[in-house]
Amino acid sequence: MPAGIYGSSWYNVQEVPSNYAFPEEDRPGQLPPVCHTLPIIDFGKAIDADLVNQIIKASQEYGFFQVINHGVSDDIIRDTADIFKEFFELPVKTSRNSRGRSNWAYASSTSFNRDGIHLWRENIKHPCHPLKECMQQWPENPARYREVVSTYLTEVRKFGNTILNLICKGIGLEVGYFDRFSEIGLLNVNSYPPCPDPSLTLGILRHHDPSLITILYQGNVPGLQVMKDEKWIAVGAMPNAFVVNIGNQLEIFSNGLLKSAEHRAVTNSSEARLSIAALISPSPDCIVEPAQALVTELNPARYKPTMYKEFVHCSRAFGDDTEAMQRA
Ligand code: OGA
Ligand code: NI
């Protein structure tokens, strides 16, 4: 690949190289305008029945919503975003730690290869539970990575519990239903450099998240698209908001009441974009099945029980086309 005029990185090119241009049918083409009806839920107001209703309605209609005033401090978020930016700027991202093992994987843009075509992104992912043990195997560089990212995840976990419990209230499950067997299973962080022609490239392929819920921070650069009524809609970017989406495991527990929407990430031509996705998932030995309280004679179970570890952990998001959800 030519080095381009701006520097030697793979993305410093004036035209999209052919091995990054998706076939016509998968290309995003003209990007849709930001969707203004995607709910923005304000946690700065009273946490009451109205808020619960907003969450449930959004989770049924879109499978997605944004939350502002969520309680995770701006400083922690900024610190975390800065650490990941620093990580992606490192010239070498080796996952070999000086001492002991490592549990993280870095993917360059060419790590993903479908019929010779690559995604316009770099990625790091690693497990996060149990946090104290897991974090010993995270990157050693940047030096503050472990401290900053574990602080972020502890806060995001609290916020995630609040959301899960409000969802429990809203769909008729006891509060705390997910407490015993949910955890931040995976942290998936994406770096999307500016792209000379976003109509040709993709940051992440269309996929469902293999989680209960995912809490995504995308800063102030848009790029997330959600499938709604067979059309892609663009999620607006709000600084410091979290985008929350229902993963396919919660669709199963809710017996189809809540929707796990398909989504993807596109690129943009002017700004680098960072997204931090924390996947709150069932623990590996958890049997994922419709909650008893939501199964009746009139509304029988729509999904078969599966042990979570047998479920495809890394589904389409990570370049694997396996269809994981088993319908009954
Ligand atoms: C993900 C994801 C979307 C984004 O990491 O699972 O859907 O906007 N990310 O980066
Ligand atoms: Ni996703």
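Would you mind stating whether SER182 is within 16 Å of ligand 2 (Cβ to nearest atom) and polar (S, T, N, Q)? Taking the combined requirement at face value, the residue does not satisfy it. If the condition is being in a loop (DSSP other than H, G, I, E, B) and among the β-branched types (Val, Ile, Thr), then the stretch 280-295 contributes only VAL295. Residues in the stretch 38-57 that are open to solvent by 20 Å² or more (accessible area, probe 1.4 Å) and assigned to a loop (DSSP other than H, G, I, E, B): 7 in all.
Exactly one residue out of PHE242, PHE253 is within 14 Å of ligand 1 (Cβ to nearest atom), among the aromatic types (Phe, Trp, Tyr) and farther than 26 Å from VAL16 by Cα: that is PHE242. In the set ILE280, ILE276, ILE287, ILE252, only one residue is open to solvent by less than 30 Å² (accessible area, probe 1.4 Å) and more than 13 Å from ligand 2 (Cβ to nearest atom); that residue is ILE252. Scanning the stretch 196-217 turns up at least one residue that is open to solvent by less than 20 Å² (accessible area, probe 1.4 Å), more than 25 Å from PHE311 (Cα to Cα), assigned to a loop (DSSP other than H, G, I, E, B) and in contact with a strand residue (DSSP E or B) (Cβ under 8 Å, 6 or more places away or on another chain). Hey, any hits in the stretch 271-279 for a residue that's on the phi > 0 side of the Ramachandran plot and not in a strand (DSSP E or B)? There is no residue in the stretch 271-279 that is on the phi > 0 side of the Ramachandran plot and not in a strand (DSSP E or B).
The residues on offer are THR267, THR322, and the sole one that is modelled with pLDDT of 95 or more, within 16 Å of ligand 1 (Cβ to nearest atom) and closer than 29 Å to PHE22 by Cα is THR267.
Considering only the stretch 183-190, I want to know if a residue exists there that is of a type outside the set (D, E, K, R), closer than 30 Å to ILE117 by Cα, touching a Gly at 6+ places or on another chain (Cβ under 6 Å) and open to solvent by 10 Å² or more (accessible area, probe 1.4 Å). Steps first, please.
Quick first cut of the stretch 183-190, residues of a type outside the set (D, E, K, R) only: 184-190.
So of that shortlist, the ones also closer than 30 Å to ILE117 by Cα come out as 185-190.
When the remaining residues are screened for being touching a Gly at 6+ places or on another chain (Cβ under 6 Å), the result is none.
No, because not a single residue in the stretch 183-190 is of a type outside the set (D, E, K, R), closer than 30 Å to ILE117 by Cα, touching a Gly at 6+ places or on another chain (Cβ under 6 Å) and open to solvent by 10 Å² or more (accessible area, probe 1.4 Å).
For the stretch 237-249, a residue qualifies if it is surrounded by fewer than 18 Cβ atoms within 10 Å (Cβ to Cβ) and either among the aromatic types (Phe, Trp, Tyr) or under 19 Å from SER59 (Cβ atoms) (or both), and exactly one does: MET238.
The values are calculated or read from the model by the stated rules, or taken from the named source; none is laboratory data. The shown structure was predicted, so the numbers you read here are calculated from the model rather than taken from an experiment. Every residue, glycine as well, gets a Cβ built from its backbone with ideal geometry; the counts of neighbours run over all protein chains shown. Keep in mind that these areas ignore ligands, DNA and RNA; they rest on the heavy atoms of the full protein, side chains included. Shrake-Rupley method; radii C 1.70, N 1.55, O 1.52, S 1.80 Å.
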